Structures are given as C-alpha cells and as structure tokens.
1. Can you give the extra length, in nm with one decimal, that the chain gains between B:Asn507 and B:Ala331 once fully stretched, where that is 0.36 nm per residue apart less the Cα-Cα distance?
2. With 27 Å as the limit, write out which pairs from B:Lys437/B:Lys500; B:Lys515/B:Lys548; A:Lys205/B:Lys185; B:Lys346/B:Lys658; A:Lys116/A:Lys186 have Cα-Cα distances beyond it, or answer none.
3. Have a look at A:Pro78, A:Ser50, A:Gly65 and report the one farthest towards the positive end of the charge dipole of the stretch A:20-91, computed about the Cα centre with Cβ charges (Lys/Arg +1, Asp/Glu -1).
4. Can you pull the mean other chain C-beta count within 10 Å for peptide B:121-130?
5. Please state the charge dipole magnitude for the protein assembly as shown, taken about the Cα centre, from unit charges on C-beta atoms (+1 on K and R, -1 on D and E), reported in debye and rounded to the nearest 20.
6. Test of the criteria: in the stretch B:1-76, which trypsin sites (Lys or Arg not before Pro) are in a DSSP loop and have at most 11 other Cβ atoms within 10 angstrom of their Cβ?
7. Summing Lys, Arg as +1 and Asp, Glu as -1, what charge do residues with Cβ under 9 Å from the Cβ of B:Ala112 carry, B:Ala112 excluded?
8. Once you list every other residue whose beta carbon is under 11 Å from the beta carbon of B:Gln462, what net charge do they have if Lys and Arg are +1 and Asp and Glu are -1?
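The values are calculated or read from the model by the stated rules, or taken from the named source; none is laboratory data. Predicted model only: the values in this text are computed from it and were never measured. Note that each Cβ is placed from the backbone with ideal geometry, even for glycine, and that neighbours are counted across all protein chains shown. These area figures cover heavy atoms from the full protein model, side chains too; ligands, DNA and RNA do not enter into them. Shrake-Rupley method; radii C 1.70, N 1.55, O 1.52, S 1.80 Å.
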Amino acid sequence: MDKNISFKLRYWRQNGPKDKGHFDEREMKDIPGDTSFLEMLDILNEELVSEGKEPFVFDHDCREGICGMCSLYINGTPHGKTERGATTCQLYMRKFKDGDTITVEPWRSAGFPVIKDCMVDRTAFDKIIQAGGYVTARTGQPQDANAILIPKQDADEAMDCASCIGCGACVAACKNGSAMLFVSSKVSQLALLPQGRPEAARRAKAMVAKMDELGFGNCTNTRACEAVCPKCESIANIARLNREFIAAKLND
Amino acid sequence: MATLDSKIPAGPVAEKWTNYKAHQKLVNPANKRRLDVIVVGTGLAGASAAASLGEMGFRVFNFCIQDSPRRAHSIAAQGGINAAKNYQNDGDSVYRLFYDTVKGGDYRAREANVYRLAEVSNSIIDQCVAQGVPFAREYGGMLANRSFGGAQVSRTFYAKGQTGQQLLLGAYSALSCQVNAGTVKLYTRYEMMDLVIVDGRARGIIARNLVTGKLERFAAHAVVIATGGYGNAYFLSTNAMGCNCSAAMQCYRKGAYFANPAYVQIHPTCIPVHGDKQSKLTLMSESLRNDGRIWVPKKKEDALKLQKGEIQGSDIPEEDRDYYLERRYPAFGNLVPRDVASRAAKERCDAGMGVNNTGLAVFLDFSESINRLGIDIVLQRYGNLFDMYEEITDVNPGELAKEINGVKYYHPMMIYPAIHYTMGGIWVDYELQTTVKGLFAIGECNFSDHGANRLGASALMQGLADGYFVLPYTIQNYLADQITVPRFSTELPEFAEAEKNVQDLINRLMNIKGKKSVDSIHKELGHVMWEYVGMGRTEEGLKIGLQKLKEIRKDFENNLFIPGTTEGVNIELEKALRLNDFITMGELIAYDALNRNESCGGHFREEYQTEEGEAKRDDENFFYVACWEYQGSDDKAPVLYKEPLVYEAIKVQTRNYKS
C-alpha cells in the first residue's frame, strides 16, 4: 500500500494574460500515494471552494495521458519528473516525499499566453497544423487500403512520430520557446509515408513559416524538448524536418 | 407528438443504401455555398462530418469545448476499428460484420442502419490510409489485424494501442485542411448552451465562450450534434472529465426524442476503483483479452487471503485458478462480448471471489501467453498498456513474479467493470435526423447502430461512418429543400428568447449560494446511479433510485455553491451547468430501465435471467426502440413512444457464445 504524504503546494494564480500573477501556498495534508497529481489538485479545489474561494484553474480532460490537455510545469519540469515519458495526469503522488515543497506553474512561452492560472492558449499549434500538417485526401472513394504497401519498419517509425499529443511540453522546456519537436513530428510522420510525399515540400515550408510567424523560437539542439516529451518523440525528427525544409527550399 | 418515421428505404437490406443514394436529393455547388451547417463536437463523428461538409462546399461552423479539436475523447480509444475487409481470409464479409454487430447488440439495433454501417466500413479504412493514418502493418507491407470480442474473425485494424488517437488526428487533419481552405470556421473553448428553433426547424445554437463567459448566437440552415455519450452521469467512468450530455439534453428538452437511455455499456477491463478521491476510471484495452486470461481463485480461502493482502495472485498455482469465462463460454472464451464479460466478473465477485481489498476485482493474466510467445512478442503487442498499468498501480504485468513447479507466473493485472460507452442516445431516422426537423445527431450521441450492447472496435467505425460517409449524403436530402431560405439573422426573437433562458438558468445557479460544491453533488449522483441503475437492476432498486434522484435534484437546486462570477473563466459554473443535465439524464436512464422488463445487452434486470444467469430477453413485449419525449419540465416523467423493430434479413434468436 502507498503511504500518505503531506507537503507544501505553491501554485500559480494569474487572472488573464495581462495580470502579473503570483504564487498561492497551501499545506496539503495526508494525501494518499495512489492519488494522481490532478486528483490532488481536485482535493485542493474542493478545499478552496468549501472556503468560498475560486478554484485553481488548469487544463485537463482524458486523464489517461492521450488527449494532451494537461500542461503543468511541476518543480521546474514540464509534466513533472517521471522515470519515463508521462503526462501530468499520469504522475502519481507516490513519486513525492513527505515534507516536500511542490511548485506548480503554467507553460511559460511567448507562443502560449496565459488565459487563467495555469490554463494557457495553445491555438498556435492548431494554426501550424492548419498551415499544412495533413495529406489532402478528399473524402470519398480512395483506392483500396492495401494498394499502398508500406514496409512495417516505415509504418512503425511513422507511428512513433504520430504519437505526439500536442501538449506543448517541448515548447515549455525550450529556452528558445521553439516548437520544432512538435512541427517535426508531424512533418516526419507524413514524410515517412508514401501518401505524404506529394505535398512534402510544400508542407515543410508552410509549417515552418507559420511557426516563425507565430513567435516560436529556433532550435539550438539542447535536446530539452526530447527529455520532457511525454511520448518520447526524438530530435531525429528535427534533423529530418531540416532536411525536408532545405531540400524544399533548394527546389524553389 | 412528433412522428416516428424511421424512413428506412425499400428493398432488400443489402440494396437499401445504394437505392437511397441513387434517389436522394442533391444540392448543386452554387447553392452549397449559400447553406450553413453548425456541427457541435470535434470527435471522430464531428470532425469527419465538418471536414467532409466543408470540402463539399457548405459553410460550416464547428464547435468544441476543449482548447483544440484534437482533444475530443475519441482520442482515448485504444484497441482498434472494425472493417469487413477480409484481409485475413478468415471468412469475413459485410454480411458477417452486420450479423455480428446485430447479434452483439442483442437484437435491439435497427437492422438497416447496421447493414449500412458494415457496408461503409471498408471505405473508412481506405479513407484513413489515404490520409496517412499509420495503421499497424505486416512485414510484407500489408495491413495487420487483431481479434476483438464478439467475433470469430480478425477484422480489427489498429495503430498500436492508440487507434482512436490516430483516427482522430486523421479527421483533425482533414478538418484543419478545410479550416485552411476557409470552408470551416472553428470555435474552440465554446460550449453549446441551447438549441434555437425557428418555425419548427433547428436554426441555430446559443453557445457560451468559456474564456470570456459571454453568450453568443449562431444561426445556420441545419444543426448537427456530435457530442458523445452520457457515461459521466455515473461520475466515475472511463470518459474524459469534460464529457457531458448537455447538448443532447438541450435537444431533448426542445423536442428531440431520446432513445434507449437504459443501454449503458459497462466495460469489463478497467482498473478497479481505489478510493473516494478518484476522479475517473482508466480503461485497459479490450485487445488485452486476445492473449490475457481472466480468472479468480477456485477456493474461497484463497480469495479471502487476497482480499486481506496476505498473498498475491502469482502465489496461486494453475490448478487453483478458475478461468471462469473459458469455463462458461467455451466457444468464445475470454473474447465474449463486453456485457457478458462484465456480468460474469460481477457474478464471481458477488460470490466472494474478488481479488483486491474491496473484493471488487478479478485477474487478467499474461503468464500463459508470455510462456507461449516469449516476453518480447507480448511486450510488442501490449507494452504500452503494461506501462500505463504500472504508472497507475505500481505493478508491471510483464514482470516475473515467481516459479511454482517449473511454471513461470507473472504478476496479473487487476481489473473490474466500469461505465464506458452509452448505446442509447438521441433518436434518429435512417438519415440521422432527429424528431426536430433540421437537427441531426451522429456518433455516440445517437442511438442507432449498437442496439443494447456495442462490440469492441465498433465505436470508431460508427463515428467515422456517420461523419465521412452517411451524414454528408443524408443531410443534403434535407438541405436541398432549404436552398431558397436566406441566411438567418440572430436578431430573431427566437434567438433572444433562447439566450435569455440560458442567462436565467446561469443566474439562478449562481444565486443559490449554498454550501455544496458541484463535484460533491456529482459524486452523490454517481453513487446512486451505480448502486441502483448500474450493472444489476431491479424494479425495487430503480424505484428507490428515482426517488433518490429527485432528492439529488432538490439538493442541487438548494445547496449548490458556485464561487466567482459569470465573467471570464469559471470552471465551477461550467461543471454545474453540466451536472444539471446529468441529473435529468440519470432520471431518464432509470425510467427506461424500469420500463424495460427484460434483460438485454448492457441492460440487466435481475428479475429476468435464465437459470444459468444469462440475460433473458422478451421479444414478444420489448422488441422495440424506447423513445422518450420531454414533458416541458424536469419534474415531470417523460412519455414513452415505441419504434417497432423490423428484422428482414436476420432471424432473431437467443445469443449464444457457448458453442
């Protein structure tokens, strides 16, 4: 059985993008180790509401590590420190010790303005995908699925790239606020598949241009993004994106 | 009352859809540009519909409550998607998929709809591959398949344990393409608050901007809701935290009939409940039942020791394990449909054989398959699910526990059934139109294809079938008559009235100023629903449940507390508005369960079972779709109308998974 722990929680409060923001603090008592991090915040919010105060606002939804909604910066690391890739919702209190101080902040990046407390606006990611992160395939009667043979190795590799959940941890971890890991994962998935090749050049150029336009920084290969990615996306994708991008530009 | 015309086309079941498409009305390209469609929801059904309609040339407004369309809960589906491709040469066909789905649904689905679903299933796979969905492949480069419950063929296509994610990202990319093309306008962090009806037709919605808190009006020629199921009425379920039935309830209150609400699917392989602070239940994919074996101890004393934590599952040798699904259902074994597997687990736990401290869990064991296939192959298939299980429970099912008499035993998973999917939903005809003209419902939020129980890997199939291949055709049959109708002004009195009603409701809830949080009341609702309207229902229990639901409604109306204001983000207000609808939904489920004096699929009434404990249907009296009409107030009981089921192609029989 997991033990109960008590700790000090410091959590970021900010009323909108223009507010300066500050930390609130609370002593959390006897939290069971099998409580998830977000369930611990549910307990915090029950306490706040019972005292007539406004709850702490943060994004969350599926709570099983796949929707990409949860986005907390815990003790200086996006999604908190776990042994292997995991999202905030998959972090359990057994990973913390009695007497710890736990600090919770939002993703901090020019590309993700704060809406309230730890809820941030990530529509920039949607805009990058809209710029070209797709195969233009009209709904209707495409050829039989097995008419396109794809070697297992390529399909598996494309699948790994496609695992990105669009949470934005990579941007939050990057000192340049770069979205290269996110962009390169999508570009790589489609570049590895024959269906994606016809638009590959246009896609790489359009997505990179949109990323630059929205204020995301450049990649300087510090690999901070890779270290925090909950889906273990590799920076090899960034190399592939650079290759696709340069090849596309050379053909201009 | 509205009329219940299911509009099933004439002809043999295999020709109905072809005949329909050949004779339906179409809208020419110039007119499409003048017609607006609102699509609420961006899951598989909503995103694929919005993308397809946009691509066809309609002007589409697409709404979701999350920060991005890609977050919709379709993303969490793990196992796969069915299609009748017969790539495995194991005897599959459109007819067999149709037959399995009807049988799996315990003969309570509408035959013509299910046939169409099976018919378009193959196009879905083709479409998704064309979009670049990275399905699993064999070494030769062809698509791979796996088996799922309720079928004797391997027809499930998958992308690791993340099939829902990949299909949703496929639909999201098609949607993004249309947003870029300017045909679809996206509204994220917007929640539908009410349906607006003008001259008897759905003409728009009132939506709340969740960031500013402001109510806004949107008009269109047709409204499509694709807002998912109502599982969160039970508080604990495998649904995402934001999943809700509010859009469906708004349509219901505005005259759309609600069909078969009692058909709620309880998924057999979820991680058991661990405490009262828990916020949701995590599903472990049904695909685990391909190689995992489900068991409890044969001996009561072993079960007691497990419950006290004195021994572990791996301490119990092979001969003392009761693989009860293999014992009871030799032909399907661990791959019986979900309702059957869930009830069998409850039966063993009720008999005192549960294996965790609450006595409400059974084992799912991989020892045999690891010994047979080797750990590498098992990890290749289920590694990410094992990791996910370990994150939550601190136990890894791929880890060797001990050896007894030369047999290697691995740590078994503990699982228990949990609310997962809702087969019931807004009543729709063959065209997916509700009883309100111009209002369509697609995906999980309609009722039509799964009968009383849904087979695994069929939800993704239905969502995409509705969105890509059915609605884009059938909605034209309606819109073709709307081409002379100009765009609407949201200044019409109907919009003003609907907005005022929503504002009044919000003010009323804000001004209760009681002492109870939304979640505390939602948890009480969940307890009542699980206890009295859950896996085993009785007439007496349902009546108590209905009484308790009335008390919860009263508690909600008198003791609710919402901090903050209506301006800006107010997450407590959002949840309160949804809970208001969950209570109404809970009552609706209970009324339907009380009316249906039979057991079928996910609806199990303890009074109606065979001597062996199997569900006992009553086709003579209940061979119909139960459609409920709202009576103008949440305090009044809804009124029942019946759509008789007509089976032409399939002979209705008792489900048999034994031989």
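1. 57.6 nm
2. On the way: B:Lys437/B:Lys500 23 Å; B:Lys515/B:Lys548 20 Å; A:Lys205/B:Lys185 24 Å; B:Lys346/B:Lys658 19 Å; A:Lys116/A:Lys186 29 Å.
In this structure, A:Lys116/A:Lys186 lie more than 27 Å apart at Cα.
3. Among A:Pro78, A:Ser50, A:Gly65, the one farthest towards the positive end of the dipole of the stretch A:20-91 is A:Pro78.
4. On the way: counts 0, 2, 6, 1, 4, 10, 7, 3, 12, 12.
The per-residue average across the peptide is 6.
5. Dipole magnitude for the protein assembly as shown comes out near 1940 debye.
6. B:Lys25
7. On the way: positive: B:Lys16, B:Arg110, B:Arg116; negative: B:Glu111, B:Glu648.
That sum, taken over residues with Cβ under 9 Å, equals +1.
8. Value of the local net charge: -1.
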